[in-house]
Amino acid sequence: MDSMHPPHDIIIVGAGIAGIACALALSQELSPFVPGLKITIYERHDILSTSGGAINLTPVAQRHLAQLGVLEELDRMGPEGGAEVDAVGLYSMRSGRSVGSIDFVDHRGNGYGGFKGRRVMRIVLSMAMMSLVERASNIDLVFGKKVVGGEELNNRAVVQFQDGSKAIGDLVIGCDGVHSAVRTQWIDPECPSQYTGISFLQATIPSDTISSRIHFKSSALNISRHGSMLTSYCDRDHEQIFAAAIVQFSQEDLCYYRLEPGQDWSTQNRIKCALRREMQDRFSKTAIPCIREMVDSKADWMLYPVYQVQPGGRWCGNRVILLGDAAHAMPPRDESAAYALDDAILFARILARFRSEPLSEVFDAYERLRRDTINRAFKESRRMWERNRDMGLLEGRLKEWMMPFYLRSHRDEREAAWEFDATKITIPTPAPSEDLVSLHSFLKEHAP
Ligand SMILES: Cc1cc2nc3c(=O)[nH]c(=O)nc-3n(C[C@H](O)[C@H](O)[C@H](O)COP(=O)(O)OP(=O)(O)OC[C@H]3O[C@@H](n4cnc5c(N)ncnc54)[C@H](O)[C@@H]3O)c2cc1C
């Protein structure tokens, strides 16, 4: 993009939350100024991925999805569009007692700015986002295109695919997640993803197979000294419970427990049985009966190792920038997807505001607005994440005792965070160019 020539042909790598949100936000913000705007998303999978379980959306994520039109699509999907979450209750697995809650409603039971939390299956969220992409006249989504590298040539950006083909654009936005090829093969090869030492063991369990009383209203985080276990409804009618254990897992053990396509039946069966045993060893002594039942059930637990990208790496080149997990994957909290959505909306707003400026200024303005927030969020997630490591008896009790104090002392901070609106915050204005400054001085000097 040269001065006075906003990018016209934009390539987005990855059709995850950041990629699709970025395409929708750019289409909203840039279309009025860029006739013939063309946005193409390249996704490595051949179809939408059905893996990944359910995701929690905070009031901020819901607000931003509403602004992009996605929430309306989710609501249109009926019961599958997700379960409303007023609060995530925290419980001690040892005693079965409540130790507090993370609330998505204020003291009158209203959501923040009208939005509460929601737990929804990832595939359902992707389908809702996809239906908006299909309706947008200037967005194309191409599946089965795995990016393996890229370069900047003659004021254009060239993306290389595994199948040997290439795509050329004015701007490339890498939204290809924690293991981003745009980051590791192009912008910052020195910044690979790192395993956090913690994995999720996830399963979806039909509620009618659980005979004990369900101890939570919509969502709970059950803590123990062997990790935590999230239990949450993920559909409006509360027919399915999404269960995810967040546990310490050594890197060496990952390959032993990983289900891969192409494995024979006996290997798959061995892994499924080993994961069931892992869940029972950690949680079957809990005082919460419905969790005991889930852990002892025949559920097929899937292992999801959690990776992170150290903050401080490069986010951009001359015509390429990273957004979402590709730039700053942090140990996931309920807010992680919200950060990807914030990135998309803020970047689109800045690009529209700086549309007559060189891309270097767009990237600078975006980083100035975003770096500190992301660094702070990363630190906080790391700190919270450490609480899921295996602990001794005493340390485990201490974690339980401290939890109510921690929740109370951070309540105001959380409430302020739920109010965040990326469409309202002030974004920088481009500095007037020299020509404009001199025109301004000339007019002032020659004013009557
Ligand atoms: C186990 C787990 C649970 C989580 N739970 C929550 C939660 O409850 N709430 C929450 O807010 N956050 C949660 N998160 C974090 C959240 O999932 C991420 O922050 C969010 O998905 C980031 O979106 P993204 O679009 O940047 O990346 P992704 O969602 O990873 O999307 C990246 C996309 O790029 C594609 N891609 C990758 N490489 C290439 C390539 N080379 N070429 C082309 N395409 C490519 C991928 O197939 C994918 O479609 C969780 C994360 C994990 C791992």
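The values are calculated or read from the model by the stated rules, or taken from the named source; none is laboratory data. This one's a predicted model, so the numbers in the text were calculated from it and none came from an experiment. Heads up, the Cβs are rebuilt from the backbone with ideal geometry, glycines too, and the neighbour counts pull from every protein chain shown.
Brief remarks follow.
- Residue ID - nearest to LYS146 (Cα to Cα), chosen from residues in region 29-62 that are surrounded by 15 or more Cβ atoms within 10 Å (Cβ to Cβ) and acidic (Asp, Glu): GLU43
- Count - residues of region 8-61 that are among the hydrophobic types (A, V, I, L, M, F, W, C) and in a helix (DSSP H, G or I): 12
- For PRO358, the conditions (1) within 30 Å of VAL34 (Cβ to Cβ); (2) under 25 Å from the mean Cα position of the chain (by Cα) are fulfilled apart from (2).
- Considered as a group, the residues in region 321-345 that are assigned to a helix (DSSP H, G or I) and within 9 Å of the chain's Cα centre (by Cα) include one that is surrounded by the fewest Cβ atoms within 10 Å (Cβ to Cβ), and that residue is SER336.
- Number of residues in region 64-118 that are β-branched (Val, Ile, Thr) and either outside the structural domain of PHE405 (by TED's automatic domain parsing) or touching a Lys or Arg at 6+ places or on another chain (Cβ under 8 Å) (or both) equals 3.
- One residue stands out in region 63-101 among those that are within 19 Å of the chain's Cα centre (by Cα) and of a type in the set (Val, Ile, Thr): the one that is surrounded by the fewest Cβ atoms within 10 Å (Cβ to Cβ), namely VAL88.
- Checking the stated criteria, LYS379 turns out not to satisfy the condition of being out of contact with any Pro (no Cβ under 9 Å at 6 or more places or on another chain) and surrounded by fewer than 19 Cβ atoms within 10 Å (Cβ to Cβ).
- Some residue of region 378-392 being part of a helix (DSSP H, G or I), in contact with a Phe, Trp or Tyr (Cβ under 6 Å, 6 or more places away or on another chain) and either away from the ligand (no atom under 16 Å from the Cβ) or within 25 Å of ARG63 (Cα to Cα) (or both): no
- Filtering region 346-372 to residues that are farther than 24 Å from TRP186 by Cβ and either in a helix (DSSP H, G or I) or within 16 Å of the ligand (Cβ to nearest atom) (or both) leaves ARG349, ALA352, ARG353, ASP372.
- Of note, GLY36 satisfies the criterion of being farther than 16 Å from MET130 by Cα, away from the ligand (no atom under 11 Å from the Cβ) and either of a type outside the set (A, V, I, L, M, F, W, C) or free of Cβ contacts under 8 Å to residues at least 40 places away in the same chain (or both).
- Complete set of residues in region 173-196 that are buried (at least 22 other Cβ atoms within 10 Å of the Cβ) and either touching a Ser or Thr at 6+ places or on another chain (Cβ under 7 Å) or of a type in the set (Gly, Ala, Ser) (or both): GLY174, GLY177, SER180, ALA181
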